[in-house]
1. Quick query: amide H of Gly149 versus all other amide H atoms, modeled in the peptide plane; which residues come in under 5 Å with a sequence gap of 5 or more or a different chain?
2. With the Cα gyration tensor of the chain in hand, give its eigenvalues times 5 under a square root as the equivalent ellipsoid semi-axes, listed largest first in whole angstrom.
3. Sort Ser193, Ser31 so the one with the fewest other Cβ atoms within 10 Å of its own Cβ comes first.
4. List nothing, just return the count: lysine pairs in the chain, 8 or more apart or interchain, with Cα separation under 24 Å.
5. Semi-axes of the equivalent ellipsoid of the stretch 35-88: what are they in whole Å, largest first, if each equals the square root of 5 times a C-alpha gyration tensor eigenvalue?
6. Under the rule of at least 5 residues apart or a separate chain, name every residue whose amide H is placed under 5 Å from the amide H of His43.
7. Using alpha carbons only, how many angstrom separate the centre of the stretch 178-208 from the centre of the stretch 240-256?
8. If each residue's Cβ is checked for other Cβ atoms within 10 Å, how do Tyr185, Tyr52, Tyr165 rank with the fewest at the top?
Amino acid sequence: MLHELQRKEPYVSGMLAGKRLLVTGVLTEQSIAFSVARLAQEHGAKILLTGYGRMSLVERVAKRLPEPPPVIELDVTDPEQLAALVDNVRPHLDQLDGVLHAIAYGPPSTLGGGFLDAGWEDVATALQVSTYSYKALAMAALPLLSPGGALVGLTFDAGVAWPVYDWMGVAKAGLESTSRYLARYLGPKGIRSNLVSAGPLRTMAAKSIPGFEQFEEAWAERAPLGWQLADPEPAARACLALLSDWFPATTGEIVHVDGGYHAVGA
Ligand SMILES: NC(=O)c1ccc[n+]([C@@H]2O[C@H](COP(=O)([O-])OP(=O)(O)OC[C@H]3O[C@@H](n4cnc5c(N)ncnc54)[C@H](O)[C@@H]3O)[C@@H](O)[C@H]2O)c1
């Protein structure tokens, strides 16, 4: 299963040596962003975390990283906090080489089977936090990025209509398109934008989706490589690869890290 043998092989050391990364989306140790932060440090990057809401929880979780990094507050829906991002990053990192967007939220009415009844206000919140925020974060960080810089976000395959995923599926379709537009508009500045399309993982975000177990069962049956629901590391590794210098000519891309689920029929 994803594959014990591969996991035991030594990492290519220093893949991110000298990189300065802004990592959003750490909430618990299960957060995909936590694995990205841990692996990034293990591979030579300096990181800065942003936290949202429960800052003391994020700070406590940050202390479990190999080198506890600073944490700054960022609500991606707050224009003042976005405008202050550069000033808040600079005391810790003079520039950025990469930004991870690992943020999504949908109010309860937007997930779980009530697609036809969800009202605009809740849908608007889901789209602002989960879709528009990728562009908002990219623009807030832009003054710190230079050619070679990379933006990476996380999607859940938005090519089909899933059970229960509902407006979050619409938000992810928008995120996938937003990433392509960022690739278009920021490419001339030498900045890449790519997404990792992860299979289902047992994080806080997933737990808030009623009926999430349907994905778990589907992946167990269909993913040709098998799929570990409690292991965000494969998705995190792909994020790191896209943040590194090893995809220098790739932008607007979606890399599936789903055990191969998307590639096979039922
Ligand atoms: N867990 C899965 O099955 C799965 C699969 C594919 C993609 N993803 C995506 O991965 C990303 C990370 O999610 P996760 O699964 O690690 O869950 P998570 O709950 O650990 O992370 C979600 C993060 O979003 C943050 N957030 C919510 N509202 C915010 C706001 N207004 N401003 C700033 N941050 C805010 C939360 O604080 C949290 O850190 C999300 O985009 C999610 O949709 C998750």
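All of the numbers you see were taken from the coordinates with simple rules; none came from a lab. Values in this document were obtained by computation on a predicted structure and should not be read as measured data. Every residue, glycine as well, gets a Cβ built from its backbone with ideal geometry; the counts of neighbours run over all protein chains shown.
1. Under 5 Å from the amide H of Gly149: Arg192.
2. Working: eigenvalues 139, 102, 65 Å².
Over the Cα atoms of the chain, the semi-axes work out to 26, 23, 18 Å.
3. Exposure proxy ranking, most exposed first: Ser31, Ser193.
4. 11
5. Details: eigenvalues 94, 34, 13 Å².
Gyration-tensor ellipsoid for the stretch 35-88: 22, 13, 8 Å.
6. none
7. 10
8. By the 10 Å Cβ count, ascending, the order reads Tyr185, Tyr52, Tyr165.
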